[in-house]
1. Across the stretch 148-166, what is the total count of residues that are buried (at least 22 other Cβ atoms within 10 Å of the Cβ), among the hydrophobic types (A, V, I, L, M, F, W, C) and away from ligand 1 (no atom under 12 Å from the Cβ)?
2. Taking only the stretch 87-112 into account, find how many residues are in a helix (DSSP H, G or I), more than 16 Å from ligand 2 (Cβ to nearest atom) and crowded, with 21+ Cβ neighbours inside 10 Å.
3. How do the helices (runs of 4 or more DSSP H) wholly within the stretch 131-241 filter down when requiring 2 or more residues that are at pLDDT 85 or above: which remain?
4. Note down all Cβ pairs under 7 Å where the first residue falls in the stretch 59-70 and is farther than 13 Å from CYS139 by Cα and within 12 Å of ligand 1 (Cβ to nearest atom), the second is of a type in the set (Gly, Ala, Ser) and assigned to a helix (DSSP H, G or I), and they're at least six residues apart or on different chains.
5. I'm trying to understand the selection: among the residues of the stretch 13-55, which are of a type in the set (A, V, I, L, M, F, W, C) and closer than 22 Å to PRO109 by Cα?
6. Can you name the condition, by its number, that TYR124 falls short on among (1) under 14 Å from the mean Cα position of the chain (by Cα); (2) within 16 Å of ligand 2 (Cβ to nearest atom); (3) part of a helix (DSSP H, G or I)?
7. Suppose the filter is more than 15 Å from the chain's Cα centre (by Cα), among the aliphatic types (A, V, I, L, M) and within 16 Å of ligand 1 (Cβ to nearest atom); does ALA84 pass it?
Amino acid sequence: MVAFNPQTSHPNDKPGDPGYEQNLAAFEARIACGDKVEPGDWMPSDYRQQLIRLIHVHANSEICGALPEGTWIPHAPSLKRKLALVAKVQDEVGHAQLLYRAAETLGKPREEMIQELIDGKAKYSNVFHYPAETWADVCVIAWLIDAAAIVNQRMMQEGSYGPYGRALKRICYEEAFHLTHGYDMCISPGDGHEVSAGLAARRGEPLVEADHDVPRSVGQGIEAHRAAHEVGHQAQDKRRTAAGISAEVCAEDAQSRHQAAAGMGHAD
Ligand SMILES: [Fe+2]
Ligand SMILES: [Fe+2]
C-alpha cells in the first residue's frame, strides 16, 4: 500500500502561486506531445483532485458492481456457471484494488476512500443501484454492462495519467472475458434455469440499465484526465460503440460456432 505522502503534492500547484503559469504551460505541452504524467511529476492541484475523484468513483463502481453479482454465486444454475461467476466477481474486486492503488499514487489513502464509500459520501456508477433480481439479470449485466465498461475504459486508458491508463489496460483484457461470458449465458439454454423466459419477462429493461453505464456528459473528472481525443467523444457515439462491440463479439462467436459445427460435420 502507498501511504499518504504530503510530498506527492508539489508547491506552487494552484493558480496565483509563484511560477504556476510557467509550470502549467510546460505541463500542458507535455500532455500535448502524448507524454504520460507520473506520480512524482508536477501537476496542477485541480488535475490531481479531479483525477482522485474520477479514479475513486471508478474503483467504488467495481466494488458495487461485484456485490449484486456475488449474491448469485450460490444460485448459479451449474458448476460451470458458478466457476465463471466466481472468477468474474474476483476480477471486479481486483479491478477495484488496481484503481484504489492508482488513486493512492495521487496522495489519497485507500482507507479514506473505502470509508467514504461505506459512509455514503463517495459516489459510484448509477447502473449499480439497480437490483439483479433474476439470473437473467446476471447474464445481461455481464454482456451489456461490461460492453459499456469496455467502451469507457478503452477511451480512458489513452488518458494522460500513467498509473490509471496502465491499470485500465489490464482491466480491459478481463472485461472482454466478462462480455463473452455474458453473451454465452444469454444465448445458452440456461442450464435448467429459464434465462430466455427471464429475458423476455424483463422486456428490455436491462438494456436501459446497461445504457446508464455510459455517461451522459464527459464531466470534470474526464476533463482532468485530458487526452485530446476524449474530449470530442460524445455519449451517443459511445452508446453506439457499446452496441457495436456487443454485435462484433456476437458475430465472431456465431462465426466460430458455425466453423466448429462445420468442422465437426466434415469430420463425421
Ligand atoms: Fe470491472
Ligand atoms: Fe467486468
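The values are calculated or read from the model by the stated rules, or taken from the named source; none is laboratory data. All of these numbers come straight from a predicted model, not from anything done at the bench. When we count neighbours, we look across all protein chains shown, and the Cβ atoms used for this are built from the backbone with ideal geometry, even at glycine.
1. So the count comes out to 2.
2. The total comes to 4.
3. 135-140, 146-156, 162-187
4. ALA59/ALA96; ALA59/ALA103; GLU62/ALA96; ILE63/ALA96
5. Passing the criteria: VAL37, TRP42, MET43, LEU51, ILE52, LEU54, ILE55.
6. Failed condition: (3).
7. Numbers: more than 15 Å from the chain's Cα centre (by Cα): yes; among the aliphatic types (A, V, I, L, M): yes; within 16 Å of ligand 1 (Cβ to nearest atom): yes.
So ALA84 fits the description; yes.
The rows are residues; the columns are (1) of a type in the set (D, E, K, R); (2) within 16 Å of ligand 1 (Cβ to nearest atom).
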| position | (1), (2) |
| --- | --- |
| ARG53 | yes, no |
| ARG101 | yes, yes |
| PHE128 | no, yes |
| THR134 | no, no |
